[in-house]
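Have a look at the structure below, then the notes.
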């Protein structure tokens, strides 16, 4: 066993020295670093095998392998996370004037009386009861719990708030 390890170390050392010193082509720095790291890994595994401690490393590797396999599968979600983070940063960088989708945020006071009347589908001078009835009718169709979007529900609530403030 020890003879096989010594032979392996001799071959690795020979390849390293031949590649680094006697070749006319100068290897890239990154490939040299990778070669040195691989040689150090092989030497450390040989020392662990010679001292009888390699079984612990093998058991640790066998225990970690399923998690690494699952973790590498999660890398496919990395572009989605980058887009999500970029969208969050864009929302912060413009002072919160938009909600991340390019639409004005109703909570920032962007709703005008004319826009509120248009959203609720009312005439020029709606009564309080007309505003409440139009809001109730539309929110029942567009509420997020019933398959609508949060943006539309937010717009409807803001429109009702704007129109009821004048009464």
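Scan the range 65-80 and tell me whether some residue there is free of Cβ contacts under 8 Å to residues at least 40 places away in the same chain, surrounded by 10 or more Cβ atoms within 10 Å (Cβ to Cβ), closer than 28 Å to residue 8 by Cβ and in the same structural domain as residue 16 (by TED's automatic domain parsing). Even if it seems obvious, please write down each step before you answer.
Going residue by residue through the range 65-80, those that are free of Cβ contacts under 8 Å to residues at least 40 places away in the same chain are 65-80.
Narrowing the set further to residues that are surrounded by 10 or more Cβ atoms within 10 Å (Cβ to Cβ) leaves 65, 68, 71, 77.
With closer than 28 Å to residue 8 by Cβ added as a condition, the list becomes 65, 68.
Checking which are in the same structural domain as residue 16 (by TED's automatic domain parsing) leaves us with 65, 68.
The answer is yes, given that some residue of the range 65-80 is free of Cβ contacts under 8 Å to residues at least 40 places away in the same chain, surrounded by 10 or more Cβ atoms within 10 Å (Cβ to Cβ), closer than 28 Å to residue 8 by Cβ and in the same structural domain as residue 16 (by TED's automatic domain parsing).
Scanning the range 145-167 for residues that are assigned to a helix (DSSP H, G or I) and either at pLDDT below 85 or surrounded by fewer than 11 Cβ atoms within 10 Å (Cβ to Cβ) (or both) yields 145, 146, 165.
The values are calculated or read from the model by the stated rules, or taken from the named source; none is laboratory data. Fair warning: this is a prediction, and the values are worked out from it, not measured in the lab. So basically every Cβ, Gly included, is an ideal-geometry build from the backbone, and we count neighbours across all protein chains shown.
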